[in-house]
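See below for the structure under consideration.
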Amino acid sequence: MSEDDQNYHQLNNDNNAKAGEDTSLAVLRFLRRKWMDSWHGNPPGKVLFLLGLLTGLIMSIPIIYVIWQSLFAGVDRWRRLLDDRIPQLLLNTFSLTVAVTLCAVLIGVTLSWIVVRTDIPGRKIWQWLLALPLVIPPYVGAMTYIIVLGPSGWVQNAWREVSWLVNMFGEYPIDIYSFWGVFFVLTMFTYPYVFLIASASLRKMNRNFEEIARSQGMNTRQIFWKVNLPFLRPAIGAGAILIALYVLSDFGVIAMMRYVTFTAAIYFQRASFDTASASILSLVLMLLTIVILWVEVKTRRKSKYYQTANTFKEPDILSLGKWKIPALIYVCVIFFVSVVLPIIVLVYWSAIGIGRGALDARFFGFAWNSLRVSLFASLLCMVLSMPIIYLKSRYPSVISSSIDKLSYAGYALPGVIVALGMIFVFNNHLPALYNTFYMVAIALVIRFLPQAMQAGEASLSLVSPRIDEAARSLGHPPWKVMIKVILPSILPGVLAGGALVFVSSIKELPATLMLRPPGFDTLAVRVYVEANESFYYLAAPAALIIILISIIPLRYLLKKY
Amino acid sequence: MSYIQLDHVTKYYNRAATPAVDQLTLEISEGEIITLLGPSGCGKTTTLRMLAGFEKPTGGSIRIGDEIVCDDRRSLPSEKRGIGMVFQDYALFPFLTIEKNIMFGLNKWKLRDKKKRVREVLELVGLVGFGTRLPNELSGGQQQRVALARALAPNPKVILMDEPFSNLDAGLREKMRLDVTNILRKANATAIIVTHDQKDAFSVSDRVVVMNEGIIQQIASPKEIYRCPVNCFVAQFVGKTNLVSGRLCPDLKHVETHFGRVCVPQQTNKELENVVVSIRPEGCRLAEYGRYSGIVERATYSGEYQELHVRLQSGDHSNQPMVIYAPVEQEIEIGRAVTFNITPELVALVN
Amino acid sequence: MKKSIKSLMFIASLMLLVILVTACGQGDEDELVVYSSRNERFVQPLLDKFSEETGITVRTLHEADALQLKEETGNVQADIFISNDIGALEYLRMEDLLASFDGEGVETIDAPYRADDNSWIAISARSRGFIYNKDMITEEEMPKTMEALMDAEFEGQFAITRGGNGGMIGNVSALRNEWGDERTAEWVEAIKDNAGGIYSGHGDIRQAVGAGEHPFGLVNNYYYHQQLEEPNNNNVGFIYPDQGEGDMGVIANAAGVGLVNGAPNEEDAKAFIEWLLLPENQLEFVGESLEIPINADLEPPYEHAVRFADLKVQQMPLKDLGKYFEDTKELIEQSGLDLELR
């Protein structure tokens, strides 16, 4: 009792620390006070905090390293790149990003409008058929279109046979290895992002607003421009940003179709071991990505529409009338170009490949490599995401949200940058792990951890914090609470996240390509290598397997949007 | 010496100008059931969570049993405090059976002891035979009892209950008050219950702590709290009351109000001239020739009684009408004059 | 409850499995790590044969670059470096990144095709030349010298690779040796302007020429033989340039093998080189590349091969390519030919 009193008085005294008191102790106390304040007086357990902090650091160090390297690349190199390469790359990258984004948004929005709001035959089936291009990795799509439209491709061979075409248009006019080739492939395989987001918002759109507009004498077209489009704007914005970020980060399509944007330039600079230039280009690309993310944050804040839920009425379905046939043709063409034709090409070449014995021991070796590195990465992601999401949701503070944001660094930035940083870090500071399977797995974790985090977070938000407190009051320390109580509650979400990471890892190309240790090629790497050498019969079976695996989380993706 | 002691406990939330709990000092003896009563935001839940270790006080110290669990230097994590907690939403682990839920806190016990203890507490809460069910297969009241059983199982030093009855409907609520009290008494547990409902507080606890704005207003037995609220806040928060200002008569046993002299139960020792008295509506009994009179302005029928608003006949018309409870069988006409007496036991001087 | 425990167990066992499996694959001491910059299709069968005959596991990084060895100086990974370019091997030797070798079989390769300390040994050779489409251009119309590519008459007629291509770098290095830097720079600039197409690799050029997109292209000789083996578009011919009186002779380069300095598995690395020097395996090294074995006792393993003895070859010793390895790229880039496609 009397001791407690003393403690209390001491507390009051230590603000005006006496002259004789040790100043370092005062500093320590001050820090401790700050520390407590930053956690709102409720700091997490040490084990948990360190786990989270460690993960956050692992996630961001490679990228920090790239920035660091680029800052010390030397003025000369900077000047040379700024004078010569960077303007050209900016132009290439920027024009491609804008063109693909615009066109994909246009296709995505029109398709979703047709499928959700009109009486097109088979609209329920179209709703998920048109999302199918999501399961085809764009670099696989690029390969199929090189086969179809490229030099010595199907169309060119057919062109030669038909004399009137040659007479009218002259030589075969399509050059797939060009801006337009890259633009076409990227558009065809990214539009589903907009399609899904726009469909979801169209389905949620309240009919009341349209009825009001109609009662004020607007026709369907006016309603579309004045009522529907403003409601769709957030969805369009979100979809556009997803696509823009994708185009910025894509490596496979761009490299295979021999167009050069930042990612390809970084890869090739690295391939010729001009790592200083590679890091400079990486820094510029990072800035570009950050600008887009910043735009996203800005627009998202501005455009929050709330629809009143209690008076919700399903939107009505418009009759297409004489437009039925053209609309159906449009939908069919897009579906054919983005799904049917690529699959036909792959099946055709796979059949040839299997005939020629492409499915040999080596092939299964590659498949096994893909499988184990992806499994390992997804398990790591499931484990590592737990402390971060737990910290973020149960101990909200500046520190935990910084850890959370750090973890998104590798997700937002292109894979080539992550790989570049990994090479720096591992070769110089972690030689034991350099050039091992683990290096690839860690790169995959850095790239895809946020997918596991998002899935886990969604589940964790449904678990009351009272559950944790109940467990703690029953004598379990925080880390044990996480394992015994939280994990079983959110296991389905965590597993779903793991599955997403698994599929992303199977598809991942640039980081795997740059980091693979000797003798460790994956299916994705083989698709890239063989397709570049025009050995399509070897590339097609691997691509087909990747697509089959990608179908697994499609249901989850469709539900998410 | 008291069993649990909170000494000048203060809690500031981040960047808040006023404390959520301000210099709270409270002593609780072993086996006692205490209720923290107050409106939402009064600091009662914060106090409970500080006891449990889910929040760290900004200042002050807390002792449970022989152990100082928290002072300005260190703070014992809640898992080491030996508390049992029952939450408003029960927080039963949905993926564990009732048995496993109860065993959860017995992690260091031998398996045979665990089983024995589970049987004991299930018996105590009257749920023998429910052990293998999952929480969502039980009714609200049953879940409540499981939550209590789970908290009691490890023989905690103190049971903390956060709004234990607020999720139950009226009928069940009354039964659970009784059940919980019986269980706690049988287990001879020390318990601290947080509630905003005075009926909960009065029916289960030995002592009630009324709080407002982070400050303890009054600590007393339920009866005393009701009959002798120390200030306006307590008087108004605990049941309906009429607050009337007046002047203390020199005999210190009567108060001169605008409608007449009112008798207080005991001679006060306060040397004040201007005072406020609280007069409970049920302390005013209609009588044929009562001491006080007024005109009925409004009558509300509420089942057990009729609530009358009576405009008192006095010189000052700006005063509030008096609230009086009348028996339901009595015919009341609006606009008629009534007379009544005031029972001194339900009159209190308040600050 | 049971469900969650089951899935936990499932995860745990999966984790264990993966770790076990990966542990088996990693850190095995008796693995040979080979970095190769040579076409995977030629190298992989050779390495498979080696594994089969000796039981030594080989892990290979294809499309490796000599500079990766330099980057890993402090953390040596590779035991063996197989290169398509002698310049790269000699450069590594000069940088002290290769170790000397004195095993059996070295004498089967003539001294000009080995490093002084045998730290690298060339096995198969190739030359530069022009593949042409016989439907589009006759042998007479074709240029006969490297210099002729600068002529305006061939403007838009031919295809070349990007500047960073190994074959192109070797070609330019040889010209620097022959002509000096100034004239070489002029040549690079001129062929860049004259070229009708610039491709990433030679495989694209042979296909493009075969398909009739360009009359001819600057490639290595074996691409001609590869195109001959194609089922269609195979009406192609080949010119070995600079064969006339007073001409410099064809520019040659070779593929070979180097022993990495500080190799983690030096023992097996040496065993590999000795194995490789067996005549049978030298032929396997040449393999499907359609190059020519340097060992004069060996018959080229395919038809229509032109032996080096029958050609006039440029005088420069191959190892001199090493001197130009570092700055040839710079010269190419400064002359306006991009190292990478843009």
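Here are some notes:
- Placing R0 at 35 angstrom, the Cβ-Cβ distance between B:Asp197 and B:Ala17 gives a FRET efficiency of 0.75 after rounding to 0.05.
- In this calculation the C-beta distance from A:Ser402 to A:His40 is compared with R0 = 22 Å, giving a FRET efficiency of 0.90.
- Per-residue ellipticity at 222 nm from helix content only, as computed over chain C with -39500 (n - 2.57) for each DSSP H run of at least four residues, stands at -12000 deg cm²/dmol.
- Flagged links, alpha-carbon separation over 18 Å, of A:Lys34/B:Lys56; B:Lys114/B:Lys175; A:Lys34/B:Lys11; A:Lys124/A:Lys507; A:Lys480/B:Lys100; C:Lys70/C:Lys323: B:Lys114/B:Lys175; A:Lys124/A:Lys507
- Options B:Cys284, B:Leu312, B:Pro265, ranked by Cα towards positive dipole end of segment B:240-350, top entry (Cβ charges): B:Pro265
- Cβ-based charge dipole, the protein assembly as shown, positive-most Cα from C:Val58, B:Pro57, A:Ser163: B:Pro57
- Counting neighbouring beta carbons within 10 Å and listing from fewest to most, the residues C:Tyr324, A:Tyr528 come out as C:Tyr324, A:Tyr528.
- The sum of -39500 (n - 2.57) across all DSSP H runs of n ≥ 4, divided by the residue count of chain A, sets its helix-only mean residue ellipticity at 222 nm to -24000 deg cm²/dmol.
- Scalar couplings 3J(HN,Hα) for segment B:22-35, obtained by applying the Karplus form with A = 6.51, B = -1.76, C = 1.60 to θ = phi - 60°, are 10, 6, 7, 10, 7, 10, 10, 9, 5, x, 8, 10, 10, 10 Hz; x denotes Gly and Pro.
- Most simply put, the protein assembly as shown has about 70% antiparallel DSSP beta bridges, counting only bridges with both residues inside it.
- Placing +1 on the Cβ of every Lys and Arg and -1 on the Cβ of every Asp and Glu, with no other charges, gives segment B:4-227 a dipole of roughly 840 debye about its Cα centre.
- Its Kirkwood hydrodynamic radius, worked out from the mean inverse distance over all distinct Cα pairs, puts the protein assembly as shown at 37.3 Å.
- Applying 1/(1 + (r/R0)^6) with r as the Cβ-Cβ distance of A:Cys332 and A:Leu430 and R0 = 51 angstrom yields a FRET efficiency of 0.45.
- Taking segment B:240-350 and dividing mean pair separation by its residue count, relative contact order in percent (alpha carbons under 8 Å, at least six apart): 33
- Within the same chain, aspartates and glutamates fewer than 8 places from B:Lys253 are excluded, and of the rest, those with a Cα less than 15 Å from its Cα are B:Glu271, B:Glu273, B:Glu345.
- Proximity of backbone amide H atoms, modeled 1.01 Å from N, is registered between B:Gln218 and B:Val210 at under 5 Å, excluding neighbours fewer than 5 places apart on the same chain.
- Straight-line cross-link reach from A:Lys484 at under 16 Å between alpha-carbon atoms covers these aspartates and glutamates, not counting any fewer than eight positions away in the same chain: A:Asp468, A:Glu469, B:Glu79, B:Glu99.
- Partners for A:Lys322 among aspartates and glutamates (Cα-Cα distance below 13 Å; same-chain residues under 8 apart left out): A:Asp119
- Per-residue 3J(HN,Hα) values for segment A:319-330, derived from phi via the Karplus relation 6.51 cos²θ - 1.76 cosθ + 1.60 with θ = phi - 60°, read 8, 6, x, 5, 7, 4, 5, x, 5, 5, 4, 4 Hz in sequence order (x marks Gly and Pro).
- Of the residues A:Leu491, A:Ile467, A:Ile442, the one whose Cα sits farthest toward the positive end of the charge dipole of segment A:363-497, with +1 on the Cβ of Lys and Arg and -1 on the Cβ of Asp and Glu, is A:Ile467.
- Only the Cβ atoms of Lys and Arg (+1) and of Asp and Glu (-1) were treated as charged; on that basis the dipole of chain A about its Cα centre amounts to roughly 1240 debye.
- The protein assembly as shown, dipole about Cα centre (Lys/Arg Cβ +1, Asp/Glu Cβ -1), debye to the nearest 20: 8540
- Counting 0.36 nm for each residue step from A:Phe72 to A:Leu554 and taking away their Cα separation leaves a gain of 169.1 nm.
No value in this document is a laboratory result; all are computed from the given coordinates. No experiment lies behind these values; they were computed from the predicted model shown. Note: ideal-geometry Cβ built from the backbone for every residue, glycine included; neighbour counts use all protein chains shown.
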